[in-house]
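Notes follow the structure.
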Amino acid sequence: MILVRMPQKKKELTLPGPKRVLDILAAAGVRPTTVLVTQGTRLLTKDQRVEDGETVDIISVVSGG
Amino acid sequence: MKCKRCRKAAAAVDLPSHHSAFCPDCFFVFFRRQVEEGIRKFSLLEPRDRVLVCVSGGKDSLVLWDILMELGYDTEGLYIDLGIEGYSDRSGEKIAAFAASRGKEPIVVDLRREGVPIPEAAKRSRKEECSVCGTVKRYFFNRVAATRGFTVVATGHNLDDEAARLLGNLLHWHGDHLERQHPLLPGEGGGLVRKVKPLWRVSEMETAAYGFLKGIDYVTEECPMSEDATSLVYKEALSLLEEKMPGTRSRLYMGFLTKKGTFLNFLTSAEINEAPPSGAEHPGTCAVCGAPTYAETCGFCRLKEKVGRGAVR
Ligand code: SF4
Ligand SMILES: [Zn+2]
Ligand SMILES: [Zn+2]
């Protein structure tokens, strides 16, 4: 399974891997242009493949401004 | 996906609105050029400027400070501690850590010490937190700039912020706000300093990606007062449009800036006249504190007066 963490929403979900980042975002119900998807210190592009057993973080970039 | 610029490294940031994707190094170059171009286009900053950068602890303002330093501007950071339990303290810590890593120390205005911490000041003056916050921030931007010899105040508003604000102003036909919406607000003399938004060309996503790749540690939590901010609804609407039609946001805002003159002629001059006279007439001085104002006492002193009265009750 892929562990998907959304620290600002204090939410986590697991999805069967492998999966493309874009599909992970769709499954998490998140608009792609409103977030960064990170893995440690790496930034992932939307077409990247995430393998089974890996963890990714979805970080919202939208602020009240 | 490969980087579209160097065609060697793997891409880390994809930018559908620019039909592009960059590796970290090439993205830094791209981002820096966008900011430089934004500064150049409206002559926001001069090499000799002393720039007061307003930092909140969020990504935008810290990225702004970082890139202005990198571009060689003479900058200091101003942190206004809003006096919001927990949130303000965490923001202050991130700013202090960032500044220290760049060999700097932020200028701090503590609203508890000034007698107007936002939550209490709002309650006592019976106003919305964000409206009180706006008055207080504007006051200290001008005051710190004037007393410490800064020639310009810079804030971290990005393209998404400005496009969302534009959409809101259009939906409500706020002629006076439209008139004043611009990356450059000239100083009006008498202590009202020039205000600029050097990040107006870069999106919120680009700014966040830049901050992340540069390892800038910022507060990701929102100001607790910002719940149900309407600006988030406009941002949501624009990101829906952006997804279907990449580039919409920047076409909306850049189009407004280039066509602004013609466009505003459609609005009645009566509406526009609500804005304070720009340039031609100088503000007077506040009878209480001497700050520049178009009224007899400035908005900040009127607020403080209300806050004081609220306390006695
Ligand atoms: S959300 Fe409101 S109170 Fe909080 S920083 Fe923004 S304007 Fe100030
Ligand atoms: Zn590259
Ligand atoms: Zn005053």
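The set of residues from segment B:286-307 being touching a residue at least 40 places away in the same chain (Cβ under 8 Å), over 25 Å from the mean Cα position of the chain (by Cα) and more than 16 Å from ligand 1 (Cβ to nearest atom) comprises just one member, B:K306.
A search for C-beta distances below 7 Å between a residue of segment A:25-47 that is within 7 Å of chain B (Cβ to nearest Cβ) and any residue that is of a type in the set (F, W, Y) and part of a helix (DSSP H, G or I), counting only pairs 6+ apart in sequence or on different chains, returns A:L36/B:F212; A:T38/B:F212; A:L43/B:F212. Among the residues of segment B:38-59, just one is within 14 Å of chain A (Cβ to nearest Cβ), hydrophobic (A, V, I, L, M, F, W, C) and in a loop (DSSP other than H, G, I, E, B), namely B:V55. If I go through segment B:198-222 residue by residue, how many of them are open to solvent by less than 50 Å² (accessible area, probe 1.4 Å), within 16 Å of ligand 1 (Cβ to nearest atom) and more than 15 Å from the chain's Cα centre (by Cα)? Residues flagged as open to solvent by less than 50 Å² (accessible area, probe 1.4 Å), within 16 Å of ligand 1 (Cβ to nearest atom) and more than 15 Å from the chain's Cα centre (by Cα) within segment B:198-222 amount to 2.
Hey, can you tell me all the residues within segment B:200-217 that are more than 7 Å from every other protein chain (Cβ to nearest Cβ) and charged (D, E, K, R)?
Step one: filter segment B:200-217 for residues more than 7 Å from every other protein chain (Cβ to nearest Cβ), giving B:200-203, B:206-207, B:210-211, B:214-217.
Passing the criteria: B:R201, B:E206, B:K214, B:D217.
Of all positions in segment B:20-37, at least one carries a residue that is among the small types (G, A, S) and within 13 Å of chain A (Cβ to nearest Cβ).
The set of residues from segment B:1-19 being free of Cβ contacts under 8 Å to residues at least 40 places away in the same chain and either within 11 Å of another protein chain (Cβ to nearest Cβ) or open to solvent by less than 50 Å² (accessible area, probe 1.4 Å) (or both) comprises B:M1, B:K2, B:C3, B:C6, B:A9, B:A10, B:A11, B:D14.
Which residue is farthest from B:P186 (Cα to Cα), if the candidates are limited to segment B:82-96 and must be assigned to a loop (DSSP other than H, G, I, E, B) and open to solvent by less than 40 Å² (accessible area, probe 1.4 Å)? Going through the qualifying residues, I end up with B:G86.
Only one of the numbered conditions (1) at the interface with another protein chain (Cβ under 9 Å from one of its Cβ atoms); (2) free of Cβ contacts under 8 Å to residues at least 60 places away in the same chain is not met by B:R194, and that is (1). Among the conditions (1) under 19 Å from B:T258 (Cα atoms); (2) open to solvent by 10 Å² or more (accessible area, probe 1.4 Å); (3) part of a loop (DSSP other than H, G, I, E, B), the only one that B:L167 does not satisfy is (3). Within segment A:48-58, being surrounded by 17 or more Cβ atoms within 10 Å (Cβ to Cβ) and either among the basic types (K, R) or within 11 Å of another protein chain (Cβ to nearest Cβ) (or both) holds for A:Q48, A:D57.
Within segment B:74-81, can one find any residue that is under 20 Å from B:T151 (Cβ atoms) and surrounded by fewer than 16 Cβ atoms within 10 Å (Cβ to Cβ)? Checking segment B:74-81: at least one residue is under 20 Å from B:T151 (Cβ atoms) and surrounded by fewer than 16 Cβ atoms within 10 Å (Cβ to Cβ).
Residue count for segment B:223-250 under the criterion of being of a type in the set (S, T, N, Q) and crowded, with 18+ Cβ neighbours inside 10 Å: the result is 3.
Just checking, does segment A:20-43 include any residue being over 30 Å from B:G134 (Cβ atoms), over 11 Å from the mean Cα position of the chain (by Cα) and within 16 Å of ligand 2 (Cβ to nearest atom)? Yes: one or more hits. Exactly one residue out of B:G134, B:G115, B:G156 is part of a loop (DSSP other than H, G, I, E, B) and within 16 Å of ligand 3 (Cβ to nearest atom): that is B:G115.
The values are calculated or read from the model by the stated rules, or taken from the named source; none is laboratory data. In this text, all values refer to a predicted model and were calculated from it rather than measured experimentally. When we count neighbours, we look across all protein chains shown, and the Cβ atoms used for this are built from the backbone with ideal geometry, even at glycine. Each accessible area value is taken on the protein alone, full model and side chains, heavy atoms only, with ligands, DNA and RNA left out. Shrake-Rupley method; radii C 1.70, N 1.55, O 1.52, S 1.80 Å.
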